Every structure is written in C-alpha cells, then in structure tokens.
Amino acid sequence: MRLHLERTREGYICGKCGRFVPSGYDHSPQELRHLMLWQHQTFIRFDRYRVDCSDCGIQTEALEFADVRGPRVTRARGSLVHEICKVAAVKAVATLFGMHRHTVKAIDKAKLAGS
Ligand SMILES: [Zn+2]
C-alpha cells in the first residue's frame with residue numbers, strides 16, 4: 001500500500017533549530033515505511049523539502065511524523081518496532097515486519113539513544 005501525501009500547511013520548519021522558514025529551498029521525493037493497514041505494509045511518499053535557514057544554512061525540514069536522519073520509517077513505525085524489540089528477538093521482529101534485521105537494530109538503537 002502506497003500513500004501519496006500532499007502538503008497543505010504553509011511554510012517549513014528548519015530541522016536543526018526549529019525556526020519557521022516561509023519558503024522551501026528545494027525538495028526530493030522520500031518514501032518511508034509506515035504502519036500496517038490490514039495485512040499490508042504501508043509506505044508513505046511525499047516531497048521532503050530543504051530550507052535555507054538564516055541561522056543554519058541549507059537544512060532538511062523538520063516533520064512531526066519523520067526524523068531528519070536515520071532509518072526510512074515514520075516515527076510511529078519506529079516506536080512500534082522499538083516496543084516489540086523489548087519483548088522479542090530482533091530476528092523475530094524483522095520477520096514480523098518484513099524488514100531487514102539491520103534496519104530493526106538501527107531503529108531500536110536510535111530509539112534507545114532518545115530520538
Ligand atoms: Zn535553522
């Protein structure tokens with residue numbers, strides 16, 4: 001399942017300092033794994049913008065559903081994987097979600113680090 005997101009909000013947030021930036025610098029398509037919808041893996045696809053912040057220069061925008069760096073998953077997906085990693089082996093989590101075990105480990109490690 002692939003969902004295409006359309007931007008409705010005006011303006012952008014600098015991914016480094018959190019400052020509001022009225023216009024985007026450039027953008028490229030990004031695809032992230034999201035939660036399951038019924039038995040289907042769900043991916044969201046959208047244009048990820050970079051901003052030209054007056055303090056930080058060119059930076060990736062901040063989004064509430066996705067981290068600036070790290071595995072290509074939504075925050076919701078990352079949290080779910082992290083929670084299940086507390087009670088199941090990495091290999092089992094990887095099989096359950098259809099993800100590579102290195103990706104599962106990277107998500108778990110990033111969540112433990114507090115992102
Ligand atoms: Zn900034």
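Values in this text are rule-based calculations from the coordinates and carry no lab data. Being a predicted model, the structure only gives us computed values, none of them experimental. Glycine also receives a Cβ, built like all others from the backbone with ideal geometry; neighbour counts cover every protein chain displayed.
Taking amide H atoms as placed 1.01 Å from N in the peptide plane, the amide H of residue 53 lies under 5 Å from those of 58, 59, each 5 or more residues away in sequence or on another chain.
Convex hull volume of the Cα atoms of the stretch 70-115, normalised per residue: 62 Å³. Note on the chain: Cα-Cα pairs beyond 19 Å make up 51% of the total pair count.
Rg over Rh for the stretch 1-66 works out to 1.06, using Cα positions for both radii and the Kirkwood form for Rh.
Counting Lys and Arg as +1 and Asp and Glu as -1, what is the net charge of the other residues whose Cβ lies under 11 Å from the Cβ of residue 97? So the surrounding residues net to +3. Net charge near residue 53: determine it from the other residues with C-beta under 14 Å of the C-beta of residue 53, scoring Lys and Arg +1 and Asp and Glu -1. Computed value for this residue: -1.
Charge tally for residue 76 (other residues, Cβ to Cβ under 14 Å; Lys, Arg +1; Asp, Glu -1): +2. The calculated 222 nm mean residue ellipticity attributable to helices in the chain amounts to -8000 deg cm²/dmol, summing -39500 (n - 2.57) over DSSP H runs of n ≥ 4 and dividing by all residues. The calculated FRET efficiency for the pair residue 101 and residue 31, based on their C-beta separation and a Förster distance of 25 Å, comes to about 0.75. Using the Cβ-Cβ distance between residue 84 and residue 9 with R0 = 30 Å, the FRET efficiency computed as 1/(1 + (r/R0)^6) comes to roughly 0.45. Could you tell me what percent of the DSSP beta bridges with both partners in the chain are antiparallel, to the nearest 5? Taking every DSSP beta bridge within the chain, about 80 percent pair in antiparallel fashion.
Rounded to whole numbers, the Karplus 3J(HN,Hα) couplings from phi for the stretch 29-39 are x, 10, 10, 10, 6, 10, 6, 8, 10, 6, 9 Hz, using 6.51 cos²θ - 1.76 cosθ + 1.60 with θ = phi - 60°, and x at Gly and Pro. Coupling constants for the stretch 53-60 follow from the phi torsions by the Karplus curve (6.51 cos²θ - 1.76 cosθ + 1.60, θ = phi - 60°), and in residue order they are 6, 5, 9, 9, x, 6, 9, 5 Hz; glycine and proline get x.
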